[in-house]
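**Q** Below is the structure I would like to discuss, written out as structure tokens.
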Amino acid sequence: MLFDMDGTLVDSEKLWDVALHELAAEYGGTLSDAARKAMVGTSMAASMRLLHDDLGQPERDPQVSAAWIDARILELFRTGLRWRPGALTLLRAVRAAGIPTALVTSSGRPLVEVALDTLGRDSFDAVVCGDEVDATKPHPEPYLTAARLLDVPIARCVAIEDSPTGVASALAAGAAVLAVPAEVPIAATAGVHQVASLTAADLELLAALLGEPPTG
């Protein structure tokens with residue numbers, strides 16, 4: 001099992017909203033809804049370029065902006081991280097069944113370490129962070145890396161994602177994909193099963209996505 005983090009396991013996109021809008025205000029502007037939606041699932045560098053362009057300030061240094069966001073989001077994660085509906089129940093069921101499990105996120109390691117205080121450090125056999133791969137989502141490398149670390153063929157993995165960028169990454173890697181849209185809609189795509197919430201997902205559904213017979 002390969003779990004995305006932001007918007008999939010935890011309702012963190014709202015915390016990113018707070019930080020991004022605060023930075024836009026710091027720069028004397030207002031972040032548009034279109035630019036914010038375009039950031040969902042992308043790398044920090046891509047998000048900062050989107051923010052700068054949206055504000056009409058493309059000359060700004062993305063690294064400076066990223067450092068500001070990193071510091072603010074760390075504060076927010078420590079105090080306001082909440083589980084997405086059904087996520088904790090599904091993660092616990094997967095772990096109880098002894099299924100190899102990885103966290104695959106575009107967020108950087110320092111932020112993920114804070115999130116793991118909520119997610120549980122023993123919830124995953126491997127963790128792949130956005131600053132630890134050469135190419136981030138939508139490139140397939142994050143998911144291919146996770147499958148390699150778990151020593152499981154990617155075709156035998158189910159990836160759970162909430163964004164078009166993450167879905168594209170998982171599909172390109174060759175995983176079965178369960179999409180649970182959070183902040184932005186995901187177009188109907190061959191090979192992608194959608195649910196409105198992870199409360200509708202269970203081990204039987206995950207097995208079906210891999211073409212396995214139902215248990216019991």
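The values are calculated or read from the model by the stated rules, or taken from the named source; none is laboratory data. In this text, all values refer to a predicted model and were calculated from it rather than measured experimentally. SASA here: full protein model, heavy atoms, side chains in, ligands and nucleic acids out. Shrake-Rupley method; radii C 1.70, N 1.55, O 1.52, S 1.80 Å.
**Q** Run lengths n ≥ 4 of DSSP H only: what is the helix-derived mean residue ellipticity at 222 nm for the chain, with -39500 (n - 2.57) per run over all residues, to the nearest 500?
**A** On the way: 9 runs with 99 residues, N = 216.
One gets -14000 deg cm²/dmol as the mean residue ellipticity at 222 nm.
**Q** Would you mind calculating the relative contact order of segment 105-181 from Cα pairs under 8 angstrom and at least 6 residues apart, reporting the percent as a whole number?
**A** Values: 110 pairs, mean separation 20.4, N = 77.
Relative contact order comes out at 26 percent.
**Q** Can you work out D for the chain in µm² s⁻¹ from Stokes-Einstein, where Rh is the Kirkwood radius over C-alpha pairs, the temperature is 25 °C and the viscosity is 0.890 mPa s? Display every interim value, and only then the final one.
**A** Numbers: Rh = 17.5 Å.
For these conditions, the coefficient is 140 µm²/s.
**Q** Related question: Share of the chain's accessible area from carbon and sulfur, percent, 1.4 Å? The partial results should precede the final answer.
**A** Details: 5220 of 9640 Å².
The nonpolar share, carbon plus sulfur, comes to 54 percent.
**Q** Here is a further query. Please compute, for the alpha-carbon atoms of segment 119-171, the extent along each of the three principal axes and give them in descending order in Å.
**A** So the three principal-axis extents are 28, 23, 22 Å.
**Q** With the cut-off at 1.5 for a/c, could you classify segment 108-216 from its C-alpha gyration tensor as rounded, prolate or oblate? Each step should come with its number before you reach the end.
**A** Working: a/c = 1.38, a/b = 1.30, b/c = 1.06.
The shape class here is rounded.
**Q** Only Cα pairs under 8 Å and at least 6 apart count here; give the relative contact order of the chain as a rounded whole percent.
**A** Values: 367 pairs, mean separation 49.8, N = 216.
Relative CO of the chain lands at 23 percent.
**Q** Just check segment 76-127 against the gyration tensor rule for me: Cα atoms, a ≥ b ≥ c as the square roots of the eigenvalues, rounded for a/c under 1.5, and otherwise prolate or oblate depending on whether a/b exceeds b/c. List each step's numbers first, then the result.
**A** On the way: a/c = 2.29, a/b = 1.40, b/c = 1.63.
Verdict is oblate for segment 76-127.
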